[in-house]
Amino acid sequence: MSGQPDFFAVVRSQRAHRAFGDDPVPDELVERLLETATYAPSAENTQPWVFIVVRDPVAREQIGELNRRAWEGGGRDFSRPRLSPRMFAKVEAGATGGVADAPVLIVVCGDTSSCVETVLESSVWPAVQNLLLGAHALGLGSALTTITTVFGDELRSLLTLPDHIRPLAVVPLGWPAAQLGPPKRDPVAEKTFREHYGEPWAR
């Protein structure tokens, strides 16, 4: 369609955003993204995804506090030796405030009554990927965050989730505070083999 970004360009430029502007995101855009998410594949087409759209500032602050507690309670020490100083600073800024500052938080859940629980997460993650790519295609920033689910019971209580609905991720959504450059990725040839492991893909 005219005016729409090329799919492959969207995939190659999508980044995790952890800092957002104050401008609101209309419900029409949120619904468009969620519809895009629901076109993802799932085991036996069970479609076990459930989305909670959180706009209330108090609720977003409470979710942000769970995020901060999880980060300070172990996430920081786990991530520090694994990340470059620059990346660590960005992740810490998001974990301690940036995520909660997004005007919309989408809490992605899985309905354990809809499918076998062993395939629940693998049936939900493709929907999240669609959501992230759709957001980028519309000029919005987003990120996949899961650290908040360390306090899954508290998150469930905050959102009044029934027992069969399990929180899996929190996706902050908003207009980016800054435009980010393209992501850095290893060459395909370093991650791909021909016929057997160890047989180079590139010849």
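The values are calculated or read from the model by the stated rules, or taken from the named source; none is laboratory data. All figures in this text were calculated on a predicted structure; none of them were measured in a lab. Neighbour counts are summed over all protein chains in view; Cβ atoms, including those assigned to glycine, are modelled from backbone coordinates with ideal geometry.
Candidates are the residues of the range 144-164 that are part of a helix (DSSP H, G or I) and among the charged types (D, E, K, R); the one that is nearest to residue 127 (Cα to Cα) is 156.
Considering only residues that are in a loop (DSSP other than H, G, I, E, B) and touching a residue at least 12 places away in the same chain (Cβ under 8 Å), which ones fall in the range 16-36? Steps first, answer last, please.
If we filter the range 16-36 for residues that are in a loop (DSSP other than H, G, I, E, B), which is where we start, we get 17-19, 21-26.
Across the range 16-36, the qualifying residues are 17, 18, 19, 21, 22, 23, 24, 25.
Condition check for residue 101 on (1) within 18 Å of residue 25 (Cβ to Cβ); (2) modelled with pLDDT of 95 or more; (3) not small (Gly, Ala, Ser): one failure, at (2). For the range 69-105, residues that are among the charged types (D, E, K, R) and under 17 Å from the mean Cα position of the chain (by Cα) total 3. Filtering the range 4-15 to residues that are touching a residue at least 40 places away in the same chain (Cβ under 8 Å), surrounded by fewer than 12 Cβ atoms within 10 Å (Cβ to Cβ) and not in a helix (DSSP H, G or I) leaves only 4. Reported count of residues in the range 163-188, each being surrounded by 11 or more Cβ atoms within 10 Å (Cβ to Cβ) and either closer than 30 Å to residue 111 by Cβ or in contact with a strand residue (DSSP E or B) (Cβ under 7 Å, 6 or more places away or on another chain) (or both), is 14. In a residue-by-residue description of the range 37-57, the property of being assigned to a helix (DSSP H, G or I), of a type in the set (Ser, Thr, Tyr), more than 17 Å from residue 167 (Cα to Cα) and modelled with pLDDT of 95 or more applies to no position. Residues of the range 37-65 that are farther than 14 Å from residue 128 by Cα, out of contact with any Ser or Thr (no Cβ under 7 Å at 6 or more places or on another chain), in contact (Cβ under 8 Å) with a residue 60 or more places away in the chain and buried (at least 17 other Cβ atoms within 10 Å of the Cβ): 54, 62.
For the subset of the range 104-147 comprising residues that are under 17 Å from residue 174 (Cβ atoms) and among the hydroxyl-bearing types (Ser, Thr, Tyr), which member is surrounded by the most Cβ atoms within 10 Å (Cβ to Cβ)? Before you say what the answer is, go through the steps one by one.
Start the filter on the range 104-147 by keeping residues that are under 17 Å from residue 174 (Cβ atoms), which leaves 104-108, 128, 131-145.
Narrowing the set further to residues that are among the hydroxyl-bearing types (Ser, Thr, Tyr) leaves 142, 145.
Numbers: 142: 28, 145: 22.
Across the range 104-147, the extreme among qualifying residues is 142.
What number of residues within the range 66-103 are part of a helix (DSSP H, G or I) and either polar (S, T, N, Q) or loosely packed, with under 15 Cβ neighbours inside 10 Å (or both)?
Step one: of the range 66-103, the residues part of a helix (DSSP H, G or I) are 66-82, 85-98.
Right, trim to either polar (S, T, N, Q) or loosely packed, with under 15 Cβ neighbours inside 10 Å (or both) and you get 67, 72-74, 77-82, 85-87, 89, 93, 96.
Going through the range 66-103 one residue at a time, the tally reaches 16.
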